[in-house]
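Asker: Once you've had a glance at the structure underneath, I'll fire off some questions.
Coordinate-derived values only; no laboratory data. Note that the structure is a prediction, hence the values are computed from the model and not measured. Note: ideal-geometry Cβ built from the backbone for every residue, glycine included; neighbour counts use all protein chains shown.
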Amino acid sequence: MPSSHADLVVVANRLPVEETTEGTGDDARTTWTRSPGGLVTALAPIMQRTGGTWVGWPGKAGLELDPFTADRIDVHPVALTRQEVKRYYEGFSNATIWPLYHDVIVDPEYHRDWWTSYVQVNTKFAEAAAEAAPKGALVWVQDYQLQLVPRLLRQLRPDLRIGYFHHIPFPPVELFGQLPWRADIVNGLLGADLVGFQRTGDASNFLRAVRRFTEFSTRGSVATIKRRGRPDRYVRAERFPIAIDSAAFEDLAARPEVEKRALEIREELGSPDVLLLGVDRLDYTKGIRHRIKAYGELLADGKLRPPGTTFVQVASPSREHVEEYAELRRQVEVTVGRINGDYSALGRPAIHYLHHSYPAEEMAAMYRAADVMLVTALRDGMNLVAKEYVAARADLDGVLVLSEFTGAADELTQALLVNPHDIEGLKRTILAAIDMPHAERRRRMRAMRKRVMDHDVASWAKMFLDALATTPRTDV
Ligand code: F6P
């Protein structure tokens, strides 16, 4: 098996590069710089080393671009019209699949015109990948926006080896069965040779969906695809939990300027005794409201007292054109306003709510500054913030409160695990985290760090690609 993975084609909703403009007026110059984010960090070095193409949407409606090279990666842009962004991205991907796959925390909407657009856009991506892929290449399709691509691509290019990785949960059949196009989705994914999931439970849910909604059978982690009643191909569905660039994050957090910034942050917050931190995309899956509710009740009960204790919630803007996200923002901001009205002192808010994104250096400094990290997602494929917090704490200090409904909870078993729906339990756990003895904090953080530092995103990508390259296709 070639460990170099020559001729790799990655197909993802977004490109690995972002357009940035330097200068103004006549001097303005547009360049493409690498996007932040785990997937790009993992795959960029592989593609830079061996060559490879990344097929994706440049992130702006109507932007049509010829293929180009940026950051030593060949980029193959797929243009989306304004209507496709509305129906395929905001609609079917983020208002049908996203809520359905996250335990229907909000109601998924089923619209036939969104589905039609999803099929059309998936076809565009498959055609672009078919054009970009050299003969016999490995193609790695990413995530829930592109679940039809494996099958569409196989029809166009049977010579390719196709992998798919699902970054979000795959729901139980009792929920998945709501989807009017459930069989098309399962058959779409079965176009791959290897389908990767975050957790074993996601892979079993998928294999159950195969048995329930297609004529194919499964044995262990393998589905047998039949043609005219005879076995034709095999598809493996397995767990490949995603990770972060742990060493790079640890190094970043240990830089003197980041450590200095961590001290400054505490000073700017009025040198509290206890600093609680939440860091999320502003998404209803993240349990931000549950966390704020628990904190507000602890203030009301007099168990926590600002400004001695303070809470920083970073909520980075996300999918703002989708109604449920706009509604969540209103709810969070009203609740934060109410708690701050009741419990803040002049210049010392009880909750510091920051609706921004920050560079990695600032995030690393916040992680170093925080005594307790609150990850209370109601459902999350993995949750990389939890892993970043652990990677940042080479000082072995800090306590992670982690929802049992995250993929990360399978690995970070030394965190204080919580059910975020149980507000009393969440309150007790926050207090236990604050009061945890120093020796216990160190013991738990050391164990979690072993896991995070030993399993990084480069080994995740290598494991998936090695498995894809060696997956038997026609004979198990
Ligand atoms: O959690 C799934 C995910 O695709 C992440 O990988 C990514 O950070 C996030 O959603 C971004 O979503 P969008 O592309 O819709 O902004």
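Asker: Classify the range 195-320: rounded, prolate or oblate, from the alpha-carbon gyration tensor (a ≥ b ≥ c, eigenvalue square roots; a/c under 1.5 rounded; otherwise prolate if a/b is larger than b/c)?
Answerer: Cα axes put the range 195-320 in the prolate bin.
Asker: A further question follows. Using the Karplus curve 6.51 cos²θ - 1.76 cosθ + 1.60 with θ = phi - 60°, work out ³J(HN,Hα) for each residue of the range 386-393 in order, rounded to whole Hz, and write x for Gly and Pro.
Answerer: Each residue of the range 386-393 in turn: 4, 6, 5, 4, 5, 5, 6, 9 Hz.
Asker: Using a 7 Å offset from the Cα along the Cα-to-Cβ direction at both ARG211 and ASP159, what is the distance between the two label points in nm, to one decimal?
Answerer: 3.8
Asker: Now for a separate question. Just check the range 246-454 against the gyration tensor rule for me: Cα atoms, a ≥ b ≥ c as the square roots of the eigenvalues, rounded for a/c under 1.5, and otherwise prolate or oblate depending on whether a/b exceeds b/c.
Answerer: Values: a/c = 1.31, a/b = 1.21, b/c = 1.08.
Rounded.
Asker: Ranked highest first by the average count of other Cβ atoms within 10 Å around their residues, in what order do 444-455, 62-73, 194-205 fall? Display every interim value, and only then the final one.
Answerer: Numbers: 444-455: 17.8, 62-73: 13.3, 194-205: 22.0.
Going by the mean number of other Cβ atoms within 10 Å, highest first, we get 194-205, 444-455, 62-73.
Asker: If Lys and Arg each add +1 and Asp and Glu each add -1, what is the summed charge of the other residues whose beta carbon sits under 12 Å from the beta carbon of ASP245?
Answerer: -3
Asker: Now for a separate question. Among TYR164, PRO272, GLY398, which residue has its Cα positioned farthest towards the positive end of the charge dipole of the chain, with +1 placed on the Cβ of Lys and Arg, -1 on the Cβ of Asp and Glu, and the dipole taken about the Cα centre?
Answerer: Working it through, the farthest residue towards the positive pole turns out to be TYR164.
Asker: Once you place label points 7 Å from the Cα toward the Cβ at TYR110 and GLU404, how far apart are they in nm?
Answerer: Label at TYR110, label at GLU404, 3.1 nm between them.
Asker: Related question: Across the Cα atoms of the chain, what radius of gyration and what greatest pairwise Cα-Cα distance (Dmax) are found, in Å?
Answerer: In Å, with Rg to one decimal and Dmax whole: 22.9, 75.
Asker: Here is a follow-up. Let me know the charge dipole size of the chain about its Cα centre in debye, to the nearest 20, where only the beta-carbon of Lys, Arg (+1) and Asp, Glu (-1) is charged.
Answerer: It comes to approximately 1600 debye.
Asker: Place a point 7 Å from the Cα of THR224 along the Cα-to-Cβ direction; which residues of the range 187-209 have their backbone N under 20 Å from it?
Answerer: 187, 190-195, 204, 206-209
Asker: So which trypsin sites (Lys or Arg not before Pro) in the range 125-189 pass both tests, a DSSP loop state and at most 11 other Cβ atoms within 10 Å of the Cβ?
Answerer: LYS135
Asker: Treat each spin label as a single point 7 Å out from the Cα along the C-beta direction, and report the ALA28 to ASP342 distance in nm.
Answerer: Those two pseudo-labels are separated by 4.7 nm.
Asker: What does the extension gain come out to for HIS321 and HIS438, with contour length at 0.36 nm per residue minus their alpha carbon separation?
Answerer: Between HIS321 and HIS438, full extension yields an extra 37.7 nm.
Asker: Note down the magnitude of the dipole of the range 246-454 about its Cα centre, charges +1 on Lys and Arg C-beta and -1 on Asp and Glu C-beta and zero elsewhere, to the nearest 20 debye.
Answerer: My answer is approximately 360 debye.
Asker: Could you work out the relative contact order of the chain, using alpha carbon pairs under 8 angstrom and six or more residues apart, expressed as a whole percent?
Answerer: The value is 14 percent.
Asker: Multiplying the sequence separation of ASP74 and ALA254 by 0.36 nm and subtracting their Cα-Cα distance, what value in nm do you get?
Answerer: Stretched out fully, the ASP74 to ALA254 stretch lengthens by 61.5 nm.
Asker: In terms of modelled amide H atoms, which long-range or inter-chain residues lie less than 5 Å from the amide H of ASP74?
Answerer: GLY52, TRP54
Asker: What FRET efficiency comes out for the pair ALA183/ASP273, r = Cβ-Cβ distance, R0 = 56 Å, nearest 0.05?
Answerer: Using R0 = 56 Å, I get an efficiency of 0.50.
Asker: Can you work out ³J(HN,Hα) from phi for every residue in the range 24-34, in order, using Karplus 6.51 cos²θ - 1.76 cosθ + 1.60 and θ = phi - 60°, giving whole Hz and x for Gly and Pro?
Answerer: 9, x, 5, 7, 4, 9, 9, 10, 10, 10, 5
Asker: Using the Cα gyration tensor of the range 15-78, with a ≥ b ≥ c the square roots of its eigenvalues, what is the shape: rounded (a/c below 1.5), prolate (a/b larger than b/c) or oblate (neither)? Can you show the working numbers first?
Answerer: Numbers: a/c = 1.98, a/b = 1.62, b/c = 1.22.
Prolate, because a/c is 1.5 or more and a/b exceeds b/c.
Asker: Now a separate question. For the range 43-67 and the range 356-422, what is the separation of their C-alpha centers, rounded to whole Å?
Answerer: Spelled out, the Cα-based centre of one part sits 30 Å from the other.
Asker: Do any GluC sites (Glu not before Pro) in the range 116-175 lie in a loop, going by DSSP, with at most 11 other beta-carbon atoms within 10 Å of their beta carbon, and if so which?
Answerer: Values: sites: GLU127, GLU131, GLU174; in loops: none.
Loop-located and lightly packed - none at all.
Asker: Positive end of the dipole of the chain, charges at C-beta (+1 Lys, Arg; -1 Asp, Glu), about the Cα centre: which of VAL334, LEU179, LEU190 has its Cα farthest in that direction?
Answerer: Farthest along the dipole direction, towards plus: LEU190.
Asker: Extension gain THR123-LYS462, at 0.36 nm per residue separation less the Cα-Cα distance, in nm? Walk me through the numbers before you get to the answer.
Answerer: On the way: separation 339, 0.36 × 339 = 122.04 nm, distance 2.78 nm.
Extra length from THR123 to LYS462 when fully extended: 119.3 nm.
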